[in-house]
Amino acid sequence: MFDARKAKLLQPGQHLTIDEAPGLRLEASQTVRAWIYRYRSPVDGRMRQVRIGRWPALGYQAAWVAWNELRERRDRGEDPAQQKRQARQAEVAVLVQAKAEAKAAAYLVRHLCADYVGSLQHRRKAKGWKEVERIFDTMLGDLADMQPTAVTRAVAYAAIEAHAATPVQASKLRLELGGAWDYGLDSGKLPEDTPNWWRQILRGKLRTKGKTIVGKPAPIKRVLSAHELGQLVAWLPNFPRMTGDAVTLYLWTMTRGAEIVAMHASEIHDEGPAGLWWQIPKAKTKNARIEQATDLRVPLVGRAAEVVRRRLAAPGPDGHLFHSARAAKGYMDQKAVGVSVWSRMPYSETQPEYIRARLPVTHWAPHDLRRSCRTLLASMGCPSEVGEALLGHVQPGIEAVYNLHSYDAERLVWLTKLSAKLEELAAGSTGTQT
């Protein structure tokens, strides 16, 4: 029989068995005494136990009734402990599913896009991920407040078709939404069976008519002829000093605009007989993420050396040679060069009240000068690998692994030849204003 006095004296780790109820025991722990039913499972023969309740809240008689019910279930071939565990797992699964559904209902397209932009901050430069952020902020519309799992093919089609009037932006939106859905699937933020319609709709159907200037199609890849280059060089003094210096460096160094405007005094080195050299840190170049890429070394010859020496004499307070107090970065924005060039085209209607000289060479942008000078060098016999080195291009494929030549000597030779050729072309041109 059950003895309540013995039950009270149980120490932690001890237990009390009941003769007339085989398998029923009262076990003591540090804090409680509980009724336990121990038995051998009729399913797999293993020892199992089921907790019935605490003593003295659950008295002996009630514990005996519960024990008898459990024993009868075992005798019928059931495993009470296993069934209890399965029931608990089912309850947990229901709760997890409900929680996941509630979370999914609260996770909207705007949240997915924000998370995607956050992931881009480690893989793209600030200008790139901020542009994606701008696209989402201005173009998502009602799509932003939908659940990603509720976006059907028809909804996706309508979202992109709404921007069909601006096909370039529509294509970018479609591309970045496809990336957002890929991110959501890869990160587990979206269920695995969520379709990514953005990769399928309107493929190859968002076409642009291209850029137009004064109603006429603009050339996609403009290459200035030798005659036009001569006219432009002769006309350079008509530019404002900052723009003229930047355009000069485009022509005489063939470097990118972003590299030119960010030029810093610490990057300029006088190497004696080899002259003035500009060493652009790899992090500032377009090859920053390419393992084989190195700093870009550019010899400064002719007018390029003149421009840099003059600017070195009065750099900005932070050392930038194209310092701009109005720019957040502390130096001239690359876009400002293009705007200044555009405003001097004969067909530009920017600030019509402002009287300024007009360019004799039209339909070009500063970046076209890299292509034009590269083409000019090719016509002069410059080896292809040297021309590509001057542009700062990393050699393709296996060449990048095995050809580690710096081409410093060749850079100096061919930029010197380019400088002489540009001066020759300018001398044969009048640089007439229009």
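The mean sequence distance of close C-alpha pairs (under 8 Å, at least 6 residues apart), as a share of the length of the chain, puts its relative contact order at 12 percent.
Residues of segment 134-157 with amide nitrogen under 19 Å from the 7 Å Cα-to-Cβ point of Gln121? So the set is 134-138. If you take the Cα centroid of segment 160-191 and the Cα centroid of segment 225-256, the two points sit 40 Å apart. Looking at segment 270-349, the chymotrypsin sites (Phe, Trp or Tyr not before Pro) that sit in a DSSP loop and have at most 13 other Cβ atoms within 10 Å of their own Cβ are Tyr347.
When the C-alpha to C-alpha distance is required to be over 31 Å, the pairs from Lys127/Lys417; Lys8/Lys84; Lys172/Lys286; Lys130/Lys417; Lys329/Lys421; Lys282/Lys417 that qualify are Lys127/Lys417; Lys130/Lys417; Lys329/Lys421. Extension gain for Ala62-Asp193 works out to 42.1 nm (0.36 nm per residue, less the C-alpha to C-alpha distance). Note on His227 and Val339: the model spin-label points, each 7 Å out from Cα along the C-beta direction, lie 3.4 nm apart.
In plain terms, the chain from Leu202 to Leu9 could stretch by 61.5 nm, reckoned as 0.36 nm per residue minus the Cα-Cα distance.
Selection among Ala283, Thr294, Ala327 by position relative to the dipole of segment 217-427 gives Ala327 as farthest towards the positive end (Cβ unit charges, Cα centre).
Using a cutoff of 8 angstrom between alpha carbon atoms and counting only pairs six or more residues apart, the relative contact order for segment 217-427 works out to 31 percent.
In the chain, helical runs assigned H by DSSP with n ≥ 4 each contribute -39500 (n - 2.57); averaged across all residues and rounded to the nearest 500, the mean residue ellipticity at 222 nm is -14000 deg cm²/dmol. Computed from point charges on the beta carbon alone (+1 for Lys and Arg, -1 for Asp and Glu), the dipole magnitude for segment 4-90 about its Cα centre is near 300 Debye.
Beyond 28 Å, the tail of the calculated P(r) for the chain holds 68 percent of the Cα pairs. Annotation for Met47 and Ala106: the two label points, set 7 Å from Cα along the Cα-Cβ direction, are 4.6 nm apart. Its relative contact order, with pairs defined as Cα atoms under 8 Å and 6+ residues apart, puts segment 4-90 at 19 percent. Summing Lys and Arg as +1 and Asp and Glu as -1 over all other residues whose Cβ lies under 14 Å from the Cβ of Asp3 gives a net charge of +3.
Only the coordinates and a few stated rules stand behind these numbers; no lab work does. No experiment lies behind these values; they were computed from the predicted model shown. Cβ: placed from backbone, ideal geometry, glycine included. Neighbour counts: every protein chain shown.
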